[in-house]
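The values are calculated or read from the model by the stated rules, or taken from the named source; none is laboratory data. Predicted model only: the values in this text are computed from it and were never measured. Positions of Cβ are backbone-derived with ideal geometry, glycine not excepted, and every protein chain shown enters the neighbour counts. Side chains included, ligands, DNA and RNA excluded: accessible areas come from the protein's heavy atoms. Shrake-Rupley method; radii C 1.70, N 1.55, O 1.52, S 1.80 Å.
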Amino acid sequence: MPIILNLDVMLARRKMRSNELAERIGITTANLSILKTGKAKAIRFSTLEAICEALECQPADILEYVPLKPDQI
């Protein structure tokens, strides 16, 4: 998938654990894990907003677009 979530990078920069972030934003650790591993097909703007608020960051700090190479299509 060409959209990559660098959530683990921001968690490390903020010295925060996944379970603490999940508790702060009101989602399960299992759902946060799905986001962290890139297995999520979508993310609600309200969840993205809560993540950005908790980590004091911008969406661009955790979302990255990496285009697929022609042989990956």
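Selection of the stretch 52-73 for residues being touching a Pro at 6+ places or on another chain (Cβ under 8 Å) and open to solvent by 30 Å² or more (accessible area, probe 1.4 Å) yields TYR65, VAL66, PRO67, LEU68. For ILE25, the conditions (1) of a type in the set (A, V, I, L, M); (2) open to solvent by less than 80 Å² (accessible area, probe 1.4 Å); (3) under 16 Å from ILE4 (Cα atoms) are fulfilled apart from (3).
Going by the structure shown, is GLU49 exposed (fewer than 13 other Cβ atoms within 10 Å of the Cβ), under 12 Å from the mean Cα position of the chain (by Cα) and among the charged types (D, E, K, R)? Lay out the reasoning, then the answer.
Details: exposed (fewer than 13 other Cβ atoms within 10 Å of the Cβ): yes; under 12 Å from the mean Cα position of the chain (by Cα): yes; among the charged types (D, E, K, R): yes.
So GLU49 fits the description; yes.
Going through the stretch 10-65 one residue at a time, which ones are outside any helix (DSSP H, G or I) and either in contact (Cβ under 8 Å) with a residue 40 or more places away in the chain or of a type in the set (A, V, I, L, M, F, W, C) (or both)? Result: ARG14, MET16, ILE27, ALA40, ALA42, ILE43, GLU56, CYS57, LEU63, GLU64, TYR65.
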